[in-house]
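Colleague: Just passing along the structure, written as structure tokens.
The values are calculated or read from the model by the stated rules, or taken from the named source; none is laboratory data. It should be emphasised that the depicted structure is a prediction, and the values quoted were computed from it without experimental measurement. Because the Cβ atoms are built from the backbone with ideal geometry, glycine has one as well, and the counts that use them run over all protein chains shown.
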Amino acid sequence: MDIRKIIIGCDHGGLNLKNAVIAHLNAKGIAVEDVGTYTPASCNYPDYAHKVCEKVQDGTYELGILICGTGIGMSMAANKHVGIRAAACENTFSARMTRLHNNANVLCMGERVIGPGLACDIVDLFISTDFEGGRHQIRVDLVNGFDRH
Ligand code: RB5
């Protein structure tokens with residue numbers, strides 16, 4: 001996977017980690033659209049999950065990143081969107097596997113859970129690992145089928 005652009009969002013709980021991830025991606029030459037939040041003022045994570053997911057849904061971006069305090073609320077909100085497969089990752093193994101097996105298209109992380117060094121390693125694996133397809137495509141299709149229920 002050769003990602004040249006990505007979209008990212010956060011709530012107040014993820015602001016510092018988001019800024020660290022943006023700096024990391026920019027240093028790699030990857031263009032980043034930052035949909036906010038931009039200040040530490042308290043806000044609602046579903047609003048930012050939606051801003052990122054709608055631009056992954058419409059194909060503007062192949063992958064998105066969402067950061068809140070835990071990564072959990074963002075992943076719950078993101079996974080309510082048709083066609084979005086969001087994974088909350090706290091380690092590099094999960095980040096690699098969720099691309100290989102789940103074809104995850106949104107990475108969620110928690111600023112109150114992991115530090116910036118680990119988060120940037122997680123991002124690197126997420127954006128550079130390709131979906132394996134094959135038997136995993138069958139399973140992803142089954143998951144996508146739940147969009148109708
Ligand atoms: C905000 O305090 C916090 O609840 C939010 O960032 C996130 O962790 C929710 O899942």
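Colleague: Could you please let me know if residue 106 is closer than 30 Å to residue 27 by Cα and surrounded by 15 or more Cβ atoms within 10 Å (Cβ to Cβ)?
Modeller: yes
Colleague: Six or more apart or on different chains, Cβ under 8 Å: which pairs go from a residue in segment 58-84 that's over 13 Å from residue 107 (Cβ atoms) to one that's of a type in the set (Phe, Trp, Tyr)? Could you list them?
Modeller: 73/45; 77/45
Colleague: Now for a separate question. Out of 72, 65, report the one residue that is within 12 Å of the chain's Cα centre (by Cα) and either buried (at least 21 other Cβ atoms within 10 Å of the Cβ) or more than 23 Å from residue 44 (Cβ to Cβ) (or both).
Modeller: Just one listed residue meets the conditions, 65.
Colleague: Further, regarding this structure: Hey, any hits in segment 80-101 for a residue that's β-branched (Val, Ile, Thr) and within 16 Å of the ligand (Cβ to nearest atom)?
Modeller: No, that holds for no residue.
Colleague: Having 2 or more residues that are touching a Cys at 6+ places or on another chain (Cβ under 6 Å) and closer than 17 Å to residue 22 by Cβ is the bar; report the strands (runs of 3 or more DSSP E) wholly within segment 32-149 that clear it.
Modeller: Correct list: 64-68.
Colleague: Any idea which residue in segment 39-69 is farthest from the ligand (Cβ to nearest atom), counting only those that are of a type in the set (Ser, Thr, Tyr) and touching a helix residue (DSSP H, G or I) at 6+ places or on another chain (Cβ under 8 Å)?
Modeller: The qualifying residue farthest from the ligand (Cβ to nearest atom) is 61.
Colleague: Here's something else I'd like to know. Considering every residue within segment 110-117, establish whether at least one is within 19 Å of residue 11 (Cα to Cα) and either at pLDDT below 95 or buried (at least 21 other Cβ atoms within 10 Å of the Cβ) (or both).
Modeller: Yes: one or more hits.
Colleague: Of the residues 123, 140, 113, which is touching a helix residue (DSSP H, G or I) at 6+ places or on another chain (Cβ under 7 Å) and in contact (Cβ under 8 Å) with a residue 24 or more places away in the chain?
Modeller: From the options 123, 140, 113, the qualifying one is 123.
Colleague: Then there's this: Being surrounded by 17 or more Cβ atoms within 10 Å (Cβ to Cβ) and either more than 10 Å from the chain's Cα centre (by Cα) or within 25 Å of residue 28 (Cα to Cα) (or both): is that true of residue 144 here?
Modeller: no
Colleague: Exactly one of (1) under 24 Å from residue 144 (Cβ atoms); (2) away from the ligand (no atom under 16 Å from the Cβ) is unmet by residue 27. Its number?
Modeller: (1)
Colleague: Another one. Is it fair to say residue 14 is farther than 26 Å from residue 138 by Cβ, assigned to a helix (DSSP H, G or I), among the small types (Gly, Ala, Ser) and touching a strand residue (DSSP E or B) at 6+ places or on another chain (Cβ under 8 Å)?
Modeller: yes
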